[in-house]
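Colleague: Please see the structure below; I have some questions.
The values are calculated or read from the model by the stated rules, or taken from the named source; none is laboratory data. All figures in this text were calculated on a predicted structure; none of them were measured in a lab. Backbone-built Cβ (ideal geometry, glycine too); neighbour counts: all protein chains shown.
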C-alpha cells in the first residue's frame, strides 16, 4: 500500500490572473478523510480539478499513489483517482444503470462491454446508494437528489483509491446525507482509500479527521478537523461571526446574525 | 434495452435496408416486375432490364445508400463532439465549402465530373482546415468556439454561394440548384464512399465506449479516463471526411444527418456501438427510398432527392417527437 495516496509539493493553482492556493504541501494517507473548507470562490473546486488532473496548475507537483500525475495514462489515472464533479451535463439518454456503468470505463478490458467484475461493481454501487429500484428508469426521469446519488454511485463503480468529492451533499436529503458519510467512512477506513471532500456543512465536516482550509488569497491551513473547527478560526475563514454549540464530534456551528 | 433487443433492431434495420434497395430497383421510368429484377440480378442474359438494373438503378441505389449512411453517421459523431442535438454534418461548413468549390468550378466552365469533384474537394478541405486551425489551440478544444466557427463560416459560404448564383449565366443555374439541393442523378461510382463508410464505422464502433463517456462532457470524460483531445480530433476528421464523401456523391442532401440519429434515440437506441451502425443503416435506407421517389414520382422528370428527404423526414420526426415517452 502506498504511504501517501495524494501528495502535493509547493502546489500553486488559480483561475485566470487570480492565485487561489499558493505553495500547498499536502500529504493524504490511506484511511484519511479530509474536509476542504472555504468561502465561495476560494479555490476548492479549482484545487480538486487540479488534483484530478483536469485543470492546469501554476506551479508545483502532484503525486497520486506516489506517482506524478503527468506520468499517468488517462485510463490509469481514472483507476487511481476519481472525482465527483460539482456540475455536469444533465442530458443522458440511457437508464440509471447505463449511467452508473460508465463509471467502469477506466477498467474496461474489452471493446464491447463489461465483464462480470464490472457488473458486480455496478450492482454494489447501485445498492450502496439505494438505487436498485430505480436502475431500469431513464436517467432523465430522476429527481435532483436521485441524480446526485447516481453520480456518487458512478464514482463508487469507478472504485478509485483516491476520492475527490466536490460538494457531495448537494440535493441529498438527511437520510442520504448520513448514508453517504457511512459509505465514505467504509471506503476510507475499511478499504484504505482516502477522500477529500468539499463541504459547506460544518457539522458533517466534524466527521472528517482532517481539514484543509482555503482562504482564497493563496493562504491555506491544514490540521486535525477537531482542532481547526473552532469559532475563532472559522470566523477568519468565512468572514462572519460564528457561534459553537456543543463540543467535540457533536459540535455545531452557526453564523451569528 | 438489452443487447438481444439491440441485435434484433439492428436485424430489422438490415432487412429494411435490403427492402429499400429492392424497391429502388423496382421503380423508375420503366417498370419491371420483381421476377424480372431477380432474373437480371442473378443471370447475365443481356437485355434492357439487365442493363437498366445493373448500369443505372443498382449503382444509383448504392450511391444513395452510401450517401445516407455517411450523413447519418457523421450526424451522430458531430452531435457527440459538439454536445448539441441540433448538430448535423453541415454545421461545420464542410458542405458549404464543397458547394462553393463545386459551383465555382461550374462557373469557370468545368464540365466533367472530375473537375467538379476537384473543386468540391478543394472547398471542403479548405473549410475543414480553417475550422480546425481556428478552434484547436494548445491542444484544447473549445466546443462552443468550434460550433461558432463552423456556423460563421457556413454563413460566409452561403453568402458567396448566393453571389455565384446571381452572377452565373442562366444555363448553369439549374445544375447549380440541383447540386445545392442534393441530387443523386449524376452520382457515379460510389466505391470510395463505401470504403469511407465502412472504415469510419469500424473505427468509431471500436471507440464507441469512449463516445458514450464523451457525451457526458469533456471534463467528465477525462475524469473517467478518456484521452479527450485526440478523440475529439478523430471525431472531427472522421465526421468531416464522411461528409465530404457524401457531398461529393450527392450534393447537400439535408435533414438525414440530424434526423436519423434522433429518430433512433427516440426509439431507445443511444449507446454508440448500436447507434452508429443503426444510423448508417437507417440513413442509407432513408435516402434510397427518398431518391426512388425523387426519380419516379414525376418520371421521367427527376427531382432533387434533398426535397424528399425533408418532405418525408419532417412529418416522421414530428410524429416521433409528439409520442408520449
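Colleague: Within the range A:57-103, track down each residue that is within 20 Å of the chain's Cα centre (by Cα), under 25 Å from residue A:18 (Cβ atoms) and part of a helix (DSSP H, G or I).
Modeller: Within the range A:57-103, just A:69 meets the criteria.
Colleague: Do we find that residue B:267 is more than 13 Å from the chain's Cα centre (by Cα), more than 10 Å from chain A (Cβ to nearest Cβ) and within 14 Å of residue B:71 (Cα to Cα) in this structure?
Modeller: no
Colleague: Give the range A:131-153 a look and list any residue that's touching a strand residue (DSSP E or B) at 6+ places or on another chain (Cβ under 8 Å) and without any contact (Cβ under 8 Å) to a residue 60 or more places away in the chain, or say none.
Modeller: Correct list: A:135, A:136, A:137, A:138, A:139.
Colleague: Among the residues of the range A:24-47, count how many are within 21 Å of residue A:67 (Cα to Cα) and in contact (Cβ under 8 Å) with a residue 60 or more places away in the chain.
Modeller: Selection size over the range A:24-47: 10.
Colleague: Right, another one. Collect the residues in the range B:95-120 that are within 20 Å of the chain's Cα centre (by Cα) and surrounded by fewer than 18 Cβ atoms within 10 Å (Cβ to Cβ), keeping them in residue-number order.
Modeller: Answer for the range B:95-120, where residues must be within 20 Å of the chain's Cα centre (by Cα) and surrounded by fewer than 18 Cβ atoms within 10 Å (Cβ to Cβ): B:113, B:118.
Colleague: Name, by its number, the condition in (1) at pLDDT below 80; (2) touching a helix residue (DSSP H, G or I) at 6+ places or on another chain (Cβ under 6 Å) that does not hold for residue B:47.
Modeller: The failed condition is (2).
Colleague: Which helices (runs of 4 or more DSSP H) sit wholly inside the range A:141-247 and have at least 3 residues that are within 12 Å of the chain's Cα centre (by Cα)?
Modeller: Here the list reads A:144-158, A:174-185.
Colleague: State the number of residues belonging to the range B:1-50 that are outside any helix (DSSP H, G or I) and within 14 Å of another protein chain (Cβ to nearest Cβ).
Modeller: The number of residues fulfilling the criteria is 2.
Colleague: Considering only residues of the range B:215-260 that are outside any helix (DSSP H, G or I), within 14 Å of chain A (Cβ to nearest Cβ) and touching a residue at least 24 places away in the same chain (Cβ under 8 Å), which is nearest to the chain's Cα centre (by Cα)?
Modeller: Selected residue: B:215.
Colleague: So residue A:115 fits all but one of (1) without any contact (Cβ under 8 Å) to a residue 40 or more places away in the chain; (2) under 15 Å from residue A:158 (Cβ atoms); what number is the exception?
Modeller: Residue A:115 satisfies every listed condition except (2).
Colleague: Which condition does residue A:54 not pass, out of (1) facing another protein chain (nearest Cβ under 9 Å); (2) in a helix (DSSP H, G or I), if it passes all the others?
Modeller: Condition (2) is where residue A:54 drops out.
Colleague: Going through the range A:39-51 one residue at a time, which ones are outside any helix (DSSP H, G or I) and surrounded by fewer than 24 Cβ atoms within 10 Å (Cβ to Cβ)?
Modeller: A:39, A:40, A:41, A:42
Colleague: Yes or no: the range A:75-96 includes at least one residue that is more than 7 Å from every other protein chain (Cβ to nearest Cβ), modelled with pLDDT of 95 or more and within 22 Å of residue B:275 (Cα to Cα).
Modeller: yes
Colleague: Is it the case that the range B:308-315 has a residue that's in a loop (DSSP other than H, G, I, E, B), touching a residue at least 24 places away in the same chain (Cβ under 8 Å) and under 17 Å from residue B:182 (Cβ atoms)?
Modeller: no
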